[in-house]
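Asks: Have a look at the structure that comes next, please.
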Amino acid sequence: TYLVTDACVKCKFMDCVEVCPVDCFYEGENFLVIAPDECIDCGVCEPECPVDAIVPDAEDEPDGKWLNINAKYAKAWPNI
Ligand code: SF4
């Protein structure tokens with residue numbers, strides 16, 4: 001899966017959302033997340049992000065910080 005990280009805060013440029021073939025982005029007040037169980041790992045969103053906030057899970061923190069955050073908020077926030 002790909003994950004949204006902290007550079008996204010207050011960016012919400014949304015080009016990543018437009019290109020996602022499975023619509024697995026979810027939106028909070030000032031941050032977007034990807035549902036890890038819906039992402040098909042296509043990678044097309046990564047180069048669309050102007051602030052390099054989207055990373056593959058291989059680049060997550062060792063403790064899985066961003067996987068946990070994306071999974072948690074994808075269940076709480078509306079799909080966009
Ligand atoms: Fe969507 Fe592909 Fe990005 Fe996953 S990697 S969030 S499926 S565009």
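For every residue, the table says whether it meets (1) aromatic (Phe, Trp, Tyr); (2) out of contact with any strand residue (DSSP E or B) (no Cβ under 8 Å at 6 or more places or on another chain); (3) more than 21 Å from ASP60 (Cβ to Cβ); (4) modelled with pLDDT under 95.
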| position | (1), (2), (3), (4) |
| --- | --- |
| THR1 | no, no, no, no |
| VAL9 | no, yes, no, yes |
| VAL22 | no, yes, no, no |
| PHE25 | yes, no, no, no |
| GLU38 | no, yes, no, no |
| CYS42 | no, yes, no, no |
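Asks: Starting from the stretch 15-28, take each residue that is more than 12 Å from TYR2 (Cβ to Cβ) and list its partners that are more than 10 Å from the ligand (Cβ to nearest atom) and assigned to a helix (DSSP H, G or I), counting only C-beta distances under 7 angstrom and pairs at least six apart or across chains.
Replies: TYR26/TYR73; TYR26/ALA74; GLY28/TYR73
Asks: Go through the stretch 5-34 residue by residue and tally those that are aliphatic (A, V, I, L, M) and within 8 Å of the ligand (Cβ to nearest atom). Even if it seems obvious, please write down each step before you answer.
Replies: Here is the first cut: in the stretch 5-34, the residues aliphatic (A, V, I, L, M) are 7, 9, 14, 17, 19, 22, 32-34.
This time we only want the ones that are within 8 Å of the ligand (Cβ to nearest atom), so: 19, 22, 34.
Total meeting the criteria: 3.
Asks: Another question about this same structure. Can you tell me which residue in the stretch 35-44 is farthest from the chain's Cα centre (by Cα), limited to those that are near the ligand (Cβ under 6 Å from one of its atoms) and closer than 20 Å to LYS65 by Cβ?
Replies: Quick first cut of the stretch 35-44, residues near the ligand (Cβ under 6 Å from one of its atoms) only: 39-44.
Okay, now just the ones that are also closer than 20 Å to LYS65 by Cβ, so 39, 41.
Details: CYS39: 9, ASP41: 11 Å.
Out of the qualifying residues, it is ASP41.
Asks: Same structure, new question: Would you check if LYS65 is more than 12 Å from the ligand (Cβ to nearest atom), among the basic types (Lys, Arg) and within 13 Å of THR5 (Cα to Cα)? Talk me through it step by step, then tell me what you get.
Replies: Values: more than 12 Å from the ligand (Cβ to nearest atom): yes; among the basic types (Lys, Arg): yes; within 13 Å of THR5 (Cα to Cα): yes.
Criteria met by LYS65.
The values are calculated or read from the model by the stated rules, or taken from the named source; none is laboratory data. Values in this document were obtained by computation on a predicted structure and should not be read as measured data. Because the Cβ atoms are built from the backbone with ideal geometry, glycine has one as well, and the counts that use them run over all protein chains shown.
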